Amino acid sequence: MTAIKSYFNGLKIALNSKRMTLLLYVLLLIFSFTVLIPFFGVLKKEIGYSMSVYSLLKDFDYTAYTDFLQHSGKAIKPFVSIGIWLSVFYVFFGVFLSGGIIHTIYNKENKFSLKEFFSGCGNYILPFLRITLFSFFLQLIAAMLIYIPLMAYLDSLRETAESEIALVYTFSGGAALHLVLAVIIMLITDYAKILLVVNESRKAFVSLWLSFKFLFRYFFRVIFLYLLLLIFPVLFLIGYFYFSESYSVVSKSTFLIVTGAQQLFILFRIWFKIWFTGGEIFLLTETLGIEKQTETNEEWDVHALEITEEEIEIDPDEL
């Protein structure tokens with residue numbers, strides 16, 4: 001039951017990673033403040049010219065929204081382009097931090113230090129960026145291969161379909177297929193990054209190939225762990241959704257409650273990320289029999305992931 005062991009080992013790692021969780025939260029908070037502080041200053045100034053914007057605190061009001069844009073659109077517009085560039089930078093920022101997370105969990109067995117964390121961030125930033133960019137293009141290609149034929153088929157089906165239900169079911173089937181492919185690409189990316197750290201290598205594309213072989217060799221084990229790791233994040237997301245729907249910002253006290261809940265949500269997202277990473281690292285190292293070493297240079301063993309006909313048979317006990 002390697003997947004279950006990996007699940008609880010990832011939980012143990014997350015519980016013991018308080019300092020790393022706090023560091024990631026603080027870094028994310030600093031990153032957010034670079035935009036929020038100037039945006040808040042502009043917003044505070046412009047609200048004085050459009051008092052009807054306060055109705056947006058309770059619910060979306062299209063009249064208040066258009067009135068605010070009419071009076072303050074020019075002041076807010078520069079933040080749109082800034083937000084786009086910061087979104088791109090945020091992706092690179094996340095890639096940078098992921099090197100430190102994997103390096104800390106794998107090499108130091110959760111003995112956290114700033115020096116080792118940022119050392120891992122810097123050592124793997126370039127190969128991690130190659131993996132991320134290649135993964136992005138794979139996701140784009142997968143979406144095009146699914147939705148371009150799907151849209152063409154829906155256009156032809158629209159003329160002969162007796163009701164819209166057939167169109168909805170067809171589109172839902174295509175979207176489900178895209179979701180499966182997106183998850184597979186994401187998992188290949190995750191394990192490719194782990195393999196880079198495990199092998200202390202910079203060979204991004206070799207790592208992607210080995211990750212691809214690992215995923216399909218132990219497909220049910222990897223997917224089972226992934227589904228296990230999704231349980232609590234999904235439940236937490238549903239709980240947060242219902243909370244946000246039930247609370248409206250109508251006073252300072254409700255504002256503080258909602259803001260606190262949002263920050264707690266961000267903190268738990270970071271914590272779940274560490275849980276995910278710890279579980280995946282344990283699954284890969286336990287499955288391949290890799291011992292954690294901090295000072296030895298390991299050789300790449302490409303043949304270790306070769307699939308034989310006998311190994312294709314799936315044993316239910318492996319889950």
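Summary of computed values
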| quantity | calculated |
| --- | --- |
| Where labels lie 7 Å past Cα in the beta-carbon direction, separation of V234 and S156 in nm | 3.4 nm |
| Phi-based couplings in Hz for region 269-279 (Karplus 6.51, -1.76, 1.60; Gly and Pro marked x) | 4, 5, 5, 5, 4, 5, 4, 4, 5, x, x |
| Backbone HN-Hα couplings from phi across region 23-32 [Karplus 6.51/-1.76/1.60, Hz, Gly and Pro as x] | 4, 4, 5, 5, 4, 5, 5, 4, 4, 5 |
| FRET efficiency estimate (nearest 0.05) - Cβ-Cβ, I84 to S244, R0 25 angstrom | 0.50 |
| Sites I4 and L114, calculated FRET efficiency, Cβ-Cβ separation with R0 30 Å, nearest 0.05 | 0.35 |
| Loop sites in region 111-178: chymotrypsin sites (Phe, Trp or Tyr not before Pro), DSSP, at most 10 other Cβ within 10 Å | none |
| Spin-label model distance (nm) - E286 vs L264, 7 Å beyond Cα toward Cβ | 3.1 nm |
| Contour minus Cα-Cα distance for I30 and F136 (0.36 nm per residue) | 35.5 nm |
| Residue-by-residue Karplus 3J(HN,Hα) for region 133-147, coefficients 6.51, -1.76, 1.60, Hz, glycine and proline x | 5, 5, 4, 4, 5, 5, 5, 5, 5, 4, 5, 5, 5, 8, 7 |
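Readers should treat all values here as calculations from the given coordinates under stated rules, not as data from a laboratory. Everything numeric in this text was worked out from a predicted model, so none of it was measured. Backbone-built Cβ (ideal geometry, glycine too); neighbour counts: all protein chains shown.
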